[in-house]
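Chemist: Before I ask anything, here is the structure I am working with.
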Amino acid sequence: MTARVETMKRMRVKEALLNESIGQKVKLTGWVRTRRDSKGGFSFIELNDGSSMKSVQVLAESALPNYESEILNANIGSSIEVIGEVVASPGKGQTTEVKAESVKVVGFADPATYPLQKKGTSFEFLRSIAHLRPRTNTFGAIARVRNEICRSIHNFFQSRGFIYVHTPIITASDCEGAGQMFRVTSFDLLNVPRKEGSAEIDVEQDFFGRATHLTVSGQLEGEAYATALMNIYTFGPTFRAENSNTSRHLAEFWMVEPEMAFCDLEGNMECAEEFLKTIFTDVLSNCSDDMSFFNERIDKTVIETLKHIVESDFVRLPYTEAVEILEKSGQNFEFPVQWGIDLQSEHERYLTEQKFKKPVIVFDYPKDIKAFYMRLNDDGRTVRAMDVLVPKVGEIIGGSQREERLDILTERMKGCGLDPEEYWWYLDLRRFGTVPHAGFGLGLERTVQFVTGMGNIRDVIPFPRTPKSADF
Ligand code: 4AD
Ligand code: MG
């Protein structure tokens, strides 16, 4: 005897919504978004499985054996398994629906206690149920767009021959020199060993035999690989203990950091511009339903803004000129502008939203407000730094050409209060076969924020970590 051929196909909702699927017998699984019971003796179940913004409508007739006992109790949030045929939908607003042969309730959700009953719940409330918010339209769409951005990032670099390098998360060096690091220790905090006869902590007794922290950036280690493999990128979580409770800062965020050998600031700017345009293009073409949703519900300008950016050239503006523009702007800034200050969010937004209405790459910043590794210009007071600024979000990329001259780098370190001995291996990269090189860091969450138009960075990472908050 030959085995019966199983013609039923396991399908995701996204596929069941296509006209091509009409006539197929399918098995669908997912969660109930809504259920409407008709007096005529059937129910419509909106089934969603996260594969797309849209749900598929399942028609369940009262003739099904478990109709009264189970289907009428399959409330919002219940998980179900449906076997049925994809048919053309007579209803408005959808082309297909599924006529159920069986509906199995896998897990009930009690309507009295399930928190996602109402539509239009606030983002603040949803943050308090971060484990359930991916079941909403908004957070499902954010997860899919974030995924597309990551795919695009890897595609961009892989298709150009960049090598993906994993840099350590636990580190002994402070890349940005800003002292915003989380300490990593295995000490018993109630009994921290001290050096003999002193209050100073004896780090030699700690796990690594020295002070260690969570990395703020993989750049320094990335440079070691770029000066061997030419073009590399890192992509991983980074940590900053800066106490800024803003809508654009997280204590744990993801950063992409390409590093290119035999490359100067010009090449760095070109790469950054092409990179951002590629990401935006990919999201527009591969997440059109989700982007339409953001455009309708979150920010009516997102699609237009992304399209405009893909088609236009970024502005390239030396810091000194940026300051002049800001000084002459006639704006009443909270933080007054003068040469030497770090640009604040309000200044960045003025440049991108009002003055140029597109991304602006500000470069050649004063050396005193930038990290030690940036290449010193001949004027002796600016460095080859660049920040890419975009409307609303402000700084999305920070980068620079690196100081490849051993003597100047050593001096800069001392000037920044860093001990060159501690960075002996980093200086070796200049001692042996040094080359001009450059790179940048793109904040993944700022990118997701910009693309989706979401106002708060806490809503574009699944489980945000911010001052006084590390739930879930
Ligand atoms: O400008 P940053 O500090 O640059 C670096 O870390 C360099 N080492 C990068 C490099 O040249 N390889 O950070 C880079 C980007 C910022 O432009 C921003 O998008 C993001 O990382 N970022 C943050 N995102 C969320 N929360 C924070 N607290 C962030 N701090 C920086
Ligand atoms: Mg920066």
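The values are calculated or read from the model by the stated rules, or taken from the named source; none is laboratory data. Here the structure is a predicted model, which means the values were calculated and not measured. Reconstructed Cβ throughout: ideal geometry from the backbone, glycine too, with neighbour counts over all protein chains shown. Just the protein is used for accessible areas: all its heavy atoms, side chains included, with ligands, DNA and RNA removed. Shrake-Rupley method; radii C 1.70, N 1.55, O 1.52, S 1.80 Å.
Chemist: Step through the table entries LYS54/LYS392; LYS14/LYS39; LYS54/LYS300, compare each Cα-Cα distance with 24 Å, and write down the pairs that go over it.
Modeler: LYS54/LYS392; LYS14/LYS39
Chemist: Convert each backbone phi in the range 162-167 into a coupling constant with the Karplus relation 6.51 cos²θ - 1.76 cosθ + 1.60 (shift: θ = phi - 60°), then list the ³J(HN,Hα) values in order as whole Hz, x for Gly and Pro.
Modeler: 6, 9, 7, 10, 9, 9
Chemist: Also, I was wondering about something else. With unit charges on the beta carbons (Lys and Arg positive, Asp and Glu negative) and the dipole taken about the Cα centre of the chain, which residue among PRO90, THR185, GLY209 sits farthest to the positive side?
Modeler: The residue sitting most towards the positive pole is PRO90.
Chemist: Then there's this: For helix 288-297, what angle does its Cα long axis make with the longest principal axis of the chain, in degrees from 0 to 90 and rounded to 10?
Modeler: Helix 288-297 sits roughly 80 degrees off the main axis of the chain.
Chemist: At what distance in angstrom do the alpha carbon centres of the range 346-384 and the range 131-166 lie from each other?
Modeler: When both Cα centres are located, 28 Å separates them.
Chemist: Using Cα-Cα distances under 8 Å and only pairs 6 or more residues apart, what relative contact order does the range 51-193 have, in percent?
Modeler: 18
Chemist: While we're looking at this one, here's another question. Determine the dipole magnitude for the chain: charges of +1 sit on the beta-carbon of Lys and Arg, -1 on that of Asp and Glu, nothing else is charged, the reference point is the Cα centre, and the result goes in debye to the nearest 20.
Modeler: Here the size comes out at about 1940 debye.
Chemist: Tell me which of SER78, ALA172, ASN268 sits at the most positive position along the dipole axis of the chain, charges placed on C-beta atoms (Lys, Arg +1; Asp, Glu -1).
Modeler: Farthest towards the positive pole: SER78.
Chemist: With a 1.4 Å probe and all protein chains left in place, how much accessible area per residue does the chain have, in Å²?
Modeler: Roughly 49 Å² per residue, with all protein chains present.
Chemist: Can I get the semi-axes of the range 178-223's equivalent ellipsoid? Compute them from the C-alpha gyration tensor as square roots of 5 times the eigenvalues, in angstrom, largest first.
Modeler: Equivalent ellipsoid of the range 178-223: 25, 11, 10 Å, largest first.
Chemist: Magnitude of the Cβ-charge dipole of the range 187-298, K/R +1 and D/E -1, about the Cα centre, nearest 20 debye?
Modeler: Here the range 187-298 has a charge dipole of around 320 debye.
Chemist: Over the chain, what is the relative contact order in percent, taking alpha-carbon pairs closer than 8 angstrom and at least six residues apart?
Modeler: RCO, the chain: 13 percent.
Chemist: Could you state the principal axis extents of the C-alpha atoms in the range 1-85, from the largest down, to the nearest angstrom?
Modeler: 43, 34, 21
Chemist: So if each residue of separation counts as 0.36 nm, and I subtract the Cα-Cα distance between ILE341 and ARG210, what length gain in nm does that give?
Modeler: Value of the extension gain: 43.7 nm.
Chemist: Give a quick list of chymotrypsin sites (Phe, Trp or Tyr not before Pro) in the range 281-333 that DSSP marks as loop, anything other than H, G, I, E or B, with at most 14 other Cβ atoms within 10 Å.
Modeler: Sites meeting the loop and neighbour criteria: PHE333.
Chemist: Moving on. Taking all pairs of distinct Cα atoms, average 1/r, flip it, and tell me the Kirkwood hydrodynamic radius of the range 103-178 in Å to one decimal place.
Modeler: 17.0
Chemist: Fully extended, how many nm does the chain gain between SER312 and SER128 (0.36 nm per residue separation, minus their Cα-Cα distance)?
Modeler: So the extension gain works out to 62.3 nm.
Chemist: Would you please state the base-10 log of I(q)/I(0) at q = 0.09, 0.12, 0.13 1/Å for the chain, with intensities from the Debye formula using one equal scatterer on every alpha carbon?
Modeler: At q = 0.09, 0.12, 0.13 Å⁻¹ the computed log10 ratios are -0.74, -1.09, -1.19.
Chemist: Output needed: percent of Cα pairs per 5 Å distance bin for the range 289-394, bins running from 0 to the one holding the longest distance.
Modeler: Each 5 Å bin holds this share of Cα pairs: 2, 12, 20, 20, 16, 13, 9, 5, 3, 1, 0.
Chemist: A follow-up question, please. Amide H neighbours of SER102 under 5 Å, at least 5 residues apart or on other chains, H built in the peptide plane: list them.
Modeler: Excluding prolines and chain starts, which carry no amide H, the hits are ILE83.
Chemist: Here's a follow-up. Skipping prolines and chain starts, which residues have an amide H placed within reach, meaning under 5 Å, of the one on THR34, given they are 5 or more residues away or on another chain?
Modeler: Placed amide hydrogens put GLU46 under 5 Å from THR34.
Chemist: Here is a follow-up. Of the heavy-atom accessible surface of the chain (probe 1.4 angstrom), what whole percent is carbon and sulfur?
Modeler: 51
Chemist: Using modelled backbone amide H atoms (1.01 Å from N, in-plane), which distant-in-sequence or interchain residues come within less than 5 Å of GLU252's amide H?
Modeler: Correct list: ARG240, ARG465.
Chemist: Follow-up question, since we're still on this one. Of all GluC sites (Glu not before Pro) in the range 175-222, which ones are in loop regions per DSSP and have a Cβ with at most 11 other Cβ atoms within 10 Å?
Modeler: Passing both the DSSP loop test and the Cβ count: GLU196, GLU200.
Chemist: On to the next question. Gap in Å between the Cα centre of the range 398-472 and the Cα centre of the range 192-245?
Modeler: If we compute the Cα centre of each part, the gap is 12 Å.
Chemist: Could you pull the Rg and Dmax for the range 345-429, using just the Cα atoms, both in Å?
Modeler: Considering the range 345-429 through its Cα atoms, Rg and Dmax are 15.2, 46 Å.
Chemist: Counting just the Cα atoms, what span does the range 214-264 cover along each of its three principal axes? Round to the nearest Å and put the largest first.
Modeler: The Cα atoms of the range 214-264 stretch 39, 21, 14 Å along the principal axes, largest first.
Chemist: Please compute, over every Cα-Cα pair in the range 239-292, the percentage with a separation greater than 15 angstrom.
Modeler: In whole percent, the long-distance tail amounts to 67.
Chemist: Helix 265-286 versus the longest principal axis of the chain: what angle, 0 to 90°, nearest 10, using Cα atoms?
Modeler: Taking the Cα atoms of the chain, the angle to 265-286 is about 10 degrees.
Chemist: For the range 133-197, give the magnitude of the charge dipole about the Cα centre (Cβ charges: +1 Lys/Arg, -1 Asp/Glu; no others), in debye to the nearest 20.
Modeler: Dipole magnitude for the range 133-197 comes out near 400 debye.
Chemist: Using only Cα atoms, find the angle between the long axis of helix 406-415 and the longest principal axis of the chain, and express it within 0 to 90 degrees, rounded to the nearest 10.
Modeler: The helix 406-415 is inclined about 80 degrees to the chain.
Chemist: Between ARG36 and HIS166, how many nm apart are label points set 7 Å from Cα along the C-beta direction?
Modeler: Reported label-point gap for ARG36 and HIS166 is 5.0 nm.
Chemist: Largest first and to the nearest Å, give the Cα extent of the range 1-153 along each principal axis.
Modeler: Principal-axis extents of the Cα atoms in the range 1-153, largest first: 55, 42, 36 Å.
Chemist: In square nanometres, what is one fourth of the surface area of the convex hull spanned by the alpha carbons of the range 63-140?
Modeler: 6.7
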